[in-house]
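One structure is given below, encoded as structure tokens.
Please treat every number below as a calculation from the coordinates, not as lab data. What you see is a predicted model, and the numbers here were worked out from it, not measured in a lab. Methodologically, a virtual Cβ is constructed for each residue, glycine included, from the backbone with ideal geometry; neighbour enumeration extends over all protein chains shown.
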Amino acid sequence: MKRFASVLLAASLLAGCSSENKVTIKGTFSEVMEGMVYLDQSEVDHGTRVDSAEIKGGRFKFVTGVTGPEFYQVRFPNNEFVGLLVMPGEKISIEFGKPPLAMNYTVMGSPGSEDIRFLDQQLVITKTRLDSVRNIYSALGSEELAVRGPELDNAFVDIVNSQRMFNIKFILENMSSMSAIQALYQRLDENTYVLYQPRDLQYLKIVSDSLSVKYPVSRHVRALKENVTSELNKMYLDRVASLASQLPSTSSTPELPDINGRMRSVSSLKGSYVLVSFWSTTSEASMNELPLLKTIYEACHRKGLEIFQISLDPDEERWKNIVRFEEIPWISVRETDPQNPLYARLLNITKLPSNLLYDPEGNIINTNLTGRNLTIRMDQLFNK
């Protein structure tokens, strides 16, 4: 009997847990509406359909399950949609008014979804204002354009800046809310983010740090953290390029610590050909080149080739973990100050990956060796 009671208790706990994760989304229309409606799970740059429902009697309903905050879109066949930010257990009601539906709806039972409505509707207003300025601009003749052009340019910039400041204010007031991610990644058009200035990277960092504490396992937060790391790396490289353009080319020999803190230098490898490879684990191109480097090392190491790989990773632990995970067999070191990397500057490194080849006497004999060029050069040296 006790065993039977235990089974019932376990079953009731499982049912309760499932109920806690269930999300109900109901929609109603003030005007006659028929057809299908779709539920998409949203990512930064795409959506995936997870359910569909038929509108019956001016109503529809979705039931789904989430284990943490998730972004969704309720989408109609004409591709009009409303965004939602749902939490486990929410019972969400959406009331639609007259078209356009995205501008005339209310949402209840979901504070996050109300934030998304607030953000999305403001963006629609801004896009409409920008389109109005574009239409006026395109309708002007050359003489009128000469007179009114500067005025319209200033109006356009003012509208863009107003939207940017709106998003920044929202982010600073909601940095521990997942809705801040929506504010970070809104776009004015396919190619232009609302937060378009280089210094806006600080807001990605602020939100990433805040949400990483609150939602450490969320894939949205992990993706944001990866994006911040990647953008920081790009910013460092842009700074390197700027500094490098002011410095003369030199063959200064790198000497840096490996993952165990041991100082390693290219000069200690004299007598061998040394491929000095600048990379970062946050650079997709660098990671894609790893299999080629492993193939070259395996084929040429015994014939006199050494690889000396220099990381520009801002995150030291990430670099160490990737080196161990990839079981990199060659010398792997890291610039001690990736934000102001000494050897990348001195050797005029402006992109990743970048490879330099030293001869056995310690002279640089090749630069810009990547991909096919690297393979051809290694074949020339070691497969004569």
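Of all beta bridges that DSSP places with both ends in the stretch 255-382, some 50 percent have antiparallel geometry. Given +1 at the Cβ of Lys and Arg, -1 at the Cβ of Asp and Glu and no other charges, the dipole of the chain around its Cα centre is 1020 debye to the nearest 20.
With each label modelled as a point 7 angstrom along the Cα→C-beta vector, the SER268-ASN363 pair spans 2.6 nm. Site pair PHE382 and SER93 shows an inter-label distance of 7.1 nm when each label is modelled 7 Å from Cα along Cα→Cβ.
Can you give me the angle between helix 2-21 and the longest principal axis of the chain, using Cα atoms only, in degrees from 0 to 90, rounded to the nearest 10? Between the helix axis and the principal axis of the chain, the angle is about 90 degrees. Here's how it looks for ILE328: its modeled amide H is under 5 Å from none belonging to a residue 5 or more places away or on a different chain.
Per-residue ellipticity at 222 nm for the chain, helices alone: DSSP H runs ≥ 4 residues times -39500 (n - 2.57), over residue total, nearest 500 deg cm²/dmol?
Details: 10 runs with 172 residues, N = 384.
It comes out at -15000 deg cm²/dmol, rounded to the nearest 500.
Listed by chain and number, the lysines whose alpha-carbon sits under 29 Å from that of LYS270, ignoring those within fewer than 8 places in the same chain, are LYS294, LYS303, LYS320, LYS351, LYS384.
Between the stretch 80-140 and the stretch 330-384, the C-alpha centres lie 51 angstrom from each other.
Pairwise Cα separations in the chain fall into 20 Å bins from 0 onward with the following percentages, short to long: 22, 38, 31, 9, 0. Beta bridges per DSSP, both residues in the chain: antiparallel share near 70 percent. Considering only ILE259, VAL160, LEU342, the residue lying farthest towards the positive end of the dipole of the chain is ILE259, judged by Cα position with unit charges set on Cβ. Neighbour counts of other Cβ atoms within 10 Å put ARG222, ARG324, ARG334 in the fewest-to-most order ARG324, ARG222, ARG334. Step through the table entries LYS127/LYS225; LYS169/LYS205; LYS127/LYS169; LYS169/LYS214, compare each Cα-Cα distance with 23 Å, and write down the pairs that go over it. Pairs exceeding the cut-off: LYS127/LYS225. Counting beta carbons within 10 Å around each of PHE170, PHE156 and listing the fewest first gives the order PHE156, PHE170.
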